[in-house]
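All of the numbers you see were taken from the coordinates with simple rules; none came from a lab. Bear in mind that the values here come from a model prediction, so they are computed numbers and not experimental data. Quick reminder, even Gly has a Cβ in these numbers, built from the backbone with ideal geometry, and neighbours come from all protein chains shown.
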Amino acid sequence: MKILAIIPAYNEEDCLETTVKEFEEVCPNVDYLVINDGSKDHTPEICDELGLNHIDMPINTGLASGFRAGMKYALKHHYDAVVQFDSDGQHIPSYIPLMAKKLEETGCDIVLGSRYLAGEKAAGLRNVGSRIISHMIRMATHITITDPTCGLRMYGKQMIPLFAKGFDLEPEPDTMALLLRNGVTVCEIPISIRQRQGGTSYLNPFRASRYMLRTLASLVLFVWFR
C-alpha cells in the first residue's frame with residue numbers, strides 16, 4: 001500500500017525536525033508531505049535547509065485548506081491511503097502500520113486513533129468537549145466514535161478525491177458525522193498520544209471555545225437538518 005502522511009506545520013520550528021526524523025526512522029516506507037501553513041518563525045527555513053518534502057502556503061490558511069492541498073498532492077501522485085500526522089511530536093508514528101493493517105483487513109474507509117480505547121483521555125475541558133461531540137455524533141448517526149477530536153486519522157483511497165475536490169469537507173468531527181450519514185465506514189484503533197514536544201499550541205482557551213461552538217453548531221445545523 002502506497003501511503004502519504006500529511007504533516008501540517010504552523011510555527012513548529014521547535015518540533016518539526018525531530019518529528020520528521022522520527023517519522024522517517026520508524027516508517028521508512030511511508031512518504032510524507034509537510035504543509036508549511038504560512039509560518040512566521042523558522043519553519044520555512046528548516047524545510048529548505050533539511051530538504052524536507054514540503055509545500056509552502058502563501059499565508060496561514062488553516063488546517064482545512066492545508067489538508068486539502070495535501071489531498072490534492074496525494075490524488076495527483078496516486079496514493080492508496082493518507083494519514084493525518086501532527087508536526088508537534090504528539091503523534092507516534094509506530095501506529096501508522098497498525099492503521100494501514102486495519103484499513104486493509106476491514107475494508108473500511110477511515111481509521112481513527114482513539115485514546116479512549118487505550119484507556120486514556122484528553123485533558124480537562126477537552127475531555128468534556130470530546131465527550132459531548134461523541135454523544136452528538138452518536139445521536140446523529142447511531143454510530144459511536146469514541147475519540148472524535150483525535151487528529152491521528154488514516155483515509156482510504158476512496159476518500160482522497162472526496163477531500164481533494166470537496167469544497168466544504170474538513171478533517172473535523174462534523175465532517176465525520178456527515179460522511180457516516182452518507183455511508184462512509186469508520187474504524188478505530190487504540191493509541192496513545194504524547195505531550196507536545198515543544199512550541200505552543202495555537203489552541204488557546206479562546207480558540208478552543210470557538211472551535212467547540214463551531215463544531216457543535218455545525219453538527220446541529222448541517223448534519224441533523226441536512
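Each part reduced to its alpha carbon centroid, region 108-180 and region 16-38 end up 23 Å apart.
As a test, work out the antiparallel percent of DSSP beta bridges whose residues both lie in the chain, rounded to the nearest 5. Counting only bridges with both partners in the chain, antiparallel ones make up about 25 percent. Report the local net charge at V34: Lys and Arg +1, Asp and Glu -1, summed over other residues whose C-beta lies under 10 Å from its C-beta. It works out to a net charge of -3. Build a GNM of the chain with springs between Cα atoms under 10 Å apart, and of G51, G70, G166 the one that fluctuates most is G51.
If you take the alpha carbon atoms of the chain and fit the smallest convex hull around them, that volume is 118 Å³ per residue.
The trypsin sites (Lys or Arg not before Pro) found in region 28-113 that occupy coil by DSSP, while having at most 14 further C-beta atoms within 10 Å, are K40. Legend: distances between Cα atoms for K2/K72; K21/K121; K21/K101; K2/K102; K76/K121; pairs beyond 25 Å are K21/K121; K76/K121.
Compared with the dominant Cα axis of the chain, that is its longest principal axis, helix 124-141 is turned about 60°. Classification of region 1-118 by its C-alpha gyration tensor yields a prolate form. The axis ratio a/c (a ≥ b ≥ c) is 1.5 or more, and a/b outweighs b/c.
Of the residues L112, I96, V128, the one whose Cα sits farthest toward the positive end of the charge dipole of region 86-136, with +1 on the Cβ of Lys and Arg and -1 on the Cβ of Asp and Glu, is V128. The order of L213, L33, going from fewest to most other C-beta atoms within 10 Å of their C-beta, is L213, L33. Using the crude model of +1 on Lys and Arg Cβ and -1 on Asp and Glu Cβ, and no other charge, please compute the dipole size for the chain relative to its Cα centre, in debye to 20. Computed about the Cα centre, the dipole is about 1140 debye. Quick one: angle between helix 205-218 and the longest Cα principal axis of the chain, in degrees between 0 and 90, rounded to 10, please. Approximately 50 degrees, to the nearest 10.
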